[in-house]
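The values are calculated or read from the model by the stated rules, or taken from the named source; none is laboratory data. Computed from a predicted model, the values in this text were never measured in an experiment. Virtual Cβ from ideal backbone geometry, glycine too; neighbours counted across all protein chains shown. These area figures cover heavy atoms from the full protein model, side chains too; ligands, DNA and RNA do not enter into them. Shrake-Rupley method; radii C 1.70, N 1.55, O 1.52, S 1.80 Å.
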Amino acid sequence: MRIILGVGGGIAAYKAASLLRLFTEAGHSVTVIPTEASLKFIGAATWEALSGHSVSNDVFDQVEKVNHVRLGHQADLMVVAPATADLLARAAGGHADDLLTNTLLMAHGPVLFAPAMHSEMWANPATQANVATLRSRGLHVLEPAVGRLTGADSGPGRLPEPEEIYAAAMALTESAGHSSVSSAVLAGRRVVITAGGTLEPLDPVRYLGNRSSGKQGVALARAAQEAGAEVTLIAAHVEVELPDDVELIRVETALQLRAAVQQAVADADVLIMAAAVADFRPDHTEQSKIKKRDDSADPVITLVRNPDILAEVVAQRNAQGGTQFIVGFAAETGDDRGDVLDYARAKLARKGCDLLVLNQVGQGSEGQERTFGRDANQVLILDQDGSEPIKAEGSKQAVARAVIQRIVNKIVAL
Ligand code: CTP
């Protein structure tokens, strides 16, 4: 994709360099348009070196190329980070007093603003009105993050983390029909993905199952394939169509899934455990259908534990000095003893995987189902290195791309 990165004049301008890196590493072509004020923080030479393109902030540079028209028309996406209070005001007012604001008025693709300013400036009715105006015109303005600001103050106003801006940008372009991960970035890498819910048979006709539809796992397989990986999809029970252009292994029970994972992981570069593995199975499977006899007592089913496949694979990798990058999923609900993030952090520590993708399950505030079977998803990606979790939301495909992108950032050398 062709992306324009507008950089506003705030101290957070330095973080735009990491955002630029995320875009270029994913194979996108980025043109940076800084405002005059931003050049006091980061000079044009830095942007030119990092983007590989010349940088200007003046409409009267290369007049013959009519830069603002060309850039605005060609760009698949414009991201402004940091978007200062002044820049939001100029954009909302339709000003055209530098190359960035001119180009914003010419933009054909989606536009995303990532604000950064002091809390009072963000809360000021003037800024809030400008944000509302921009949103009412179909432009996207992220909420600023909450935390330490430039001085000793803290509150809402921090620039969201580059990975979060990146994920939001990719979710936007996906709806505009662009793929967000470059097609060759995982070429030559083998990615094994498990999907769906395991079924644990009670007898030839009954089983214990769970509500996983497999949508997220299948979306991950497609996203990994888009990124050029050789994909093995190990699918338990799924309610979506399976791709026919990846290596497909069908399983039913947790024990079958375990055997398939053990075998596939040996020559894999990445393992993503998106399957919902039943933690327990009936201690035996009746060979014939359990009959309902009016004269007999209620049947009792004894359950035994299934192995924790993810924890086992991590332990084996560590014992053998393997290099597989291993990603787990966590479906969590908060309760009165802790919030979802606490539980997810504990799970990441317990399982030892490199990333943990946290899904908040259960009912949303309006009583609607949050995750299972739905097309949209919202996740937090937690990293074993302790860095801030990254939020990704949108369709399950957009979330899948954000997860794959995170993996790419971790395993593909610059
Ligand atoms: N998982 C696994 N083997 C199991 C259970 C889960 O490999 N027997 C994997 C899942 O594929 C997922 C991760 O572990 O990647 C977390 O699954 P989850 O069901 O949230 O966690 P549990 O280990 O079952 O923990 P708990 O039920 O106590 O929350």
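Within the bounds of the range 244-266, is there any residue that is in a loop (DSSP other than H, G, I, E, B), modelled with pLDDT under 95 and either touching a Ser or Thr at 6+ places or on another chain (Cβ under 7 Å) or closer than 24 Å to SER395 by Cβ (or both)?
Taking the range 244-266 and keeping what is in a loop (DSSP other than H, G, I, E, B), we get 244-246, 251-253, 266.
Those left that are additionally modelled with pLDDT under 95: 244-245.
Imposing the further condition that a residue be either touching a Ser or Thr at 6+ places or on another chain (Cβ under 7 Å) or closer than 24 Å to SER395 by Cβ (or both) reduces the set to 244-245.
Scanning the range 244-266, I find at least one residue that is in a loop (DSSP other than H, G, I, E, B), modelled with pLDDT under 95 and either touching a Ser or Thr at 6+ places or on another chain (Cβ under 7 Å) or closer than 24 Å to SER395 by Cβ (or both), so the answer is yes.
Take the residues in the range 113-129 that are of a type outside the set (Gly, Ala, Ser) and surrounded by fewer than 22 Cβ atoms within 10 Å (Cβ to Cβ); name whichever of them is farthest from GLY10 (Cα to Cα).
PRO125
Give me the strands (runs of 3 or more DSSP E) completely within the range 270-315, filtered to those with at least 2 residues that are closer than 19 Å to ALA259 by Cα and not β-branched (Val, Ile, Thr), ordered by residue number. So that I can check it myself, show each step before the final result.
Working: elements: 270-273, 280-282, 303-305.
Once the strands (runs of 3 or more DSSP E) in the range 270-315 are filtered for at least 2 residues that are closer than 19 Å to ALA259 by Cα and not β-branched (Val, Ile, Thr), what remains is 270-273, 280-282.
Given the conditions (1) assigned to a loop (DSSP other than H, G, I, E, B); (2) free of Cβ contacts under 8 Å to residues at least 24 places away in the same chain, report the number of the one that VAL185 does not fulfil.
Here VAL185 meets the rest and fails (2).
Considering only the range 263-295, state which residues are within 25 Å of ALA319 (Cα to Cα), within 16 Å of the ligand (Cβ to nearest atom) and either of a type in the set (Lys, Arg) or open to solvent by less than 100 Å² (accessible area, probe 1.4 Å) (or both).
Residues satisfying the conditions are ALA264, VAL265, ALA268, VAL270, LEU271, ILE272, MET273, ALA274, ALA275, VAL277.
Yes/no matrix, rows are residues, columns are (1) closer than 20 Å to VAL69 by Cα; (2) surrounded by 17 or more Cβ atoms within 10 Å (Cβ to Cβ); (3) small (Gly, Ala, Ser):
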residue	(1), (2), (3)
ALA17	no, yes, yes
PHE23	no, yes, no
ALA26	no, yes, yes
VAL32	yes, yes, no
THR35	yes, yes, no
LYS40	no, no, no
ALA45	no, no, yes
GLU48	no, no, no
GLY52	no, no, yes
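Looking only at the range 296-342, count every residue that is more than 12 Å from the ligand (Cβ to nearest atom), over 25 Å from ASN377 (Cβ atoms) and acidic (Asp, Glu) and tell me the total.
Total satisfying the criteria: 2.
So how many residues does the range 99-149 have that are assigned to a strand (DSSP E or B) and among the basic types (Lys, Arg)? Outline the logic, then answer.
Of the range 99-149, the ones assigned to a strand (DSSP E or B) are 111-115, 140-141, 145-148.
Restricting the remaining residues to those that are among the basic types (Lys, Arg) gives 148.
Qualifying residue count, the range 99-149: 1.
Name the pairs whose Cβ atoms lie under 8 Å apart, with the first residue in the range 323-350 and assigned to a helix (DSSP H, G or I), the second within 11 Å of the ligand (Cβ to nearest atom) and of a type in the set (Ser, Thr, Tyr), and 6 or more positions between them or separate chains?
VAL340/THR333
Return the residues of the range 188-199 that are away from the ligand (no atom under 11 Å from the Cβ) and either in contact with a Ser or Thr (Cβ under 7 Å, 6 or more places away or on another chain) or of a type outside the set (A, V, I, L, M, F, W, C) (or both); say none if nothing qualifies.
Those that are away from the ligand (no atom under 11 Å from the Cβ) and either in contact with a Ser or Thr (Cβ under 7 Å, 6 or more places away or on another chain) or of a type outside the set (A, V, I, L, M, F, W, C) (or both): GLY188, ARG189, ARG190, VAL192, LEU199.
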